[in-house]
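The values are calculated or read from the model by the stated rules, or taken from the named source; none is laboratory data. Worth saying up front: this structure is predicted, and the values here are computed from it rather than measured. All Cβ positions, even for glycine, are placed from backbone atoms using ideal geometry, and neighbour counts span all protein chains on display.
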Amino acid sequence: MLVPALIYRRAVAAAGRAGVHLLMVMGAATIVWGVLTGVFFGVTPNDLSGAGGALAGIGKALGALQVVRGDIRQQAVVIMKISFVIAAIHLSLAQLRQALDVAPRLQMLSKIGWAVFLWGIFLVIWYLFFQSQARRPPHWLMPYLLIVGAAFAIVFASPRRNPLKMLGLGLAQFPLSALGTFSDSISYIRLMGVGLASTIIGQTFNGLGASVASGATWLVGGLVAVFGHSLNIAMCMIAILAHGVRLNMLEFSNNAGIQWAGHPYEPFGASRYKEQ
């Protein structure tokens, strides 16, 4: 975050204003998320407190700011929950966006139904991942959201003067669309996977650096840790952009009714002839 800020003009000239701003926003968001989860290059506030001395005071101060607490497994569950909440909000907004596009036609009610159905799917996923193992019953709203949402999605999917034909077309389209909605919502779990993987990689390189430092010198161990964290940061930046683009261009776009256009891939479409 600080590097592009310190050389802002040069960075804008080299990468463009949008790219520099994106890099700074990503850096700021990473710092905020690190404070909330209590992970700093694979080191937690408890690790700093256990080190003693001045580091103990820093660890105590950072621990007071930590919101997502617990060990790595407990944090993974919390981040998984956040991922599914993001999925429900993101995809239901996509359906409502599509409803505004087709308003005031009756098909608008179908899109609103899908938005309601999405929150029912969210409660199904919540039950499967977090409540079933604890033998807790699903939320009482789940069947109502699924039934009401499905009814609107089916009845108003293809408005016709013939009600039987309209109902038949809606029923024919519903099963695959419902499965797609479920898979789209599950797909957001990749956000948890990326965050968990980066934390484990950071901790692993810390351990490797410490092992090398104890066997050789602290200088070599430090180089190993710096190299590992630099590689981890680069991989995380690629993952953030790749998964963010995917969730917007596939899952969100499917639910928003956006169709992407382009040029057909023809690697051998051009031919050259050389005259003898």
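Of all the criteria given as (1) small (G, A, S); (2) surrounded by fewer than 15 Cβ atoms within 10 Å (Cβ to Cβ); (3) touching a residue at least 40 places away in the same chain (Cβ under 8 Å), the one not satisfied by S230 is (3).
In this entry, L106 is excluded by the filter for residues that are aliphatic (A, V, I, L, M), at pLDDT 90 or above and over 16 Å from D184 (Cα atoms). Name the single residue that is surrounded by the most Cβ atoms within 10 Å (Cβ to Cβ) among those in the stretch 123-150 being in contact (Cβ under 8 Å) with a residue 12 or more places away in the chain and not in a helix (DSSP H, G or I). Going through the qualifying residues, I end up with H139. Residues in the stretch 38-60 that are under 29 Å from the mean Cα position of the chain (by Cα) and at negative phi: V39, F40, V43, T44, P45, N46, D47, G59. Among the residues of the stretch 38-68, just one is closer than 23 Å to I233 by Cα and of a type in the set (D, E, K, R), namely D47.
If I go through the stretch 86-107 residue by residue, how many of them are without any contact (Cβ under 8 Å) to a residue 24 or more places away in the chain and in a helix (DSSP H, G or I)?
As a first pass, look at the stretch 86-107 and keep what is without any contact (Cβ under 8 Å) to a residue 24 or more places away in the chain: 89, 93, 96, 99-100, 102-104.
After this cut, where a residue has to be in a helix (DSSP H, G or I) as well, the list is 89, 93, 96, 99-100, 102.
Counting residues in the stretch 86-107 that are without any contact (Cβ under 8 Å) to a residue 24 or more places away in the chain and in a helix (DSSP H, G or I) gives 6.
Give me a count of the residues in the stretch 138-171 that are more than 16 Å from K111 (Cα to Cα) and over 27 Å from the mean Cα position of the chain (by Cα). Working first, answer last.
Kept after step one, since they are more than 16 Å from K111 (Cα to Cα), are these residues of the stretch 138-171: 138-144, 160-165, 168.
Still in the running and over 27 Å from the mean Cα position of the chain (by Cα): 140, 144, 160-165, 168.
Summing the residues that are more than 16 Å from K111 (Cα to Cα) and over 27 Å from the mean Cα position of the chain (by Cα) in the stretch 138-171 gives 9.
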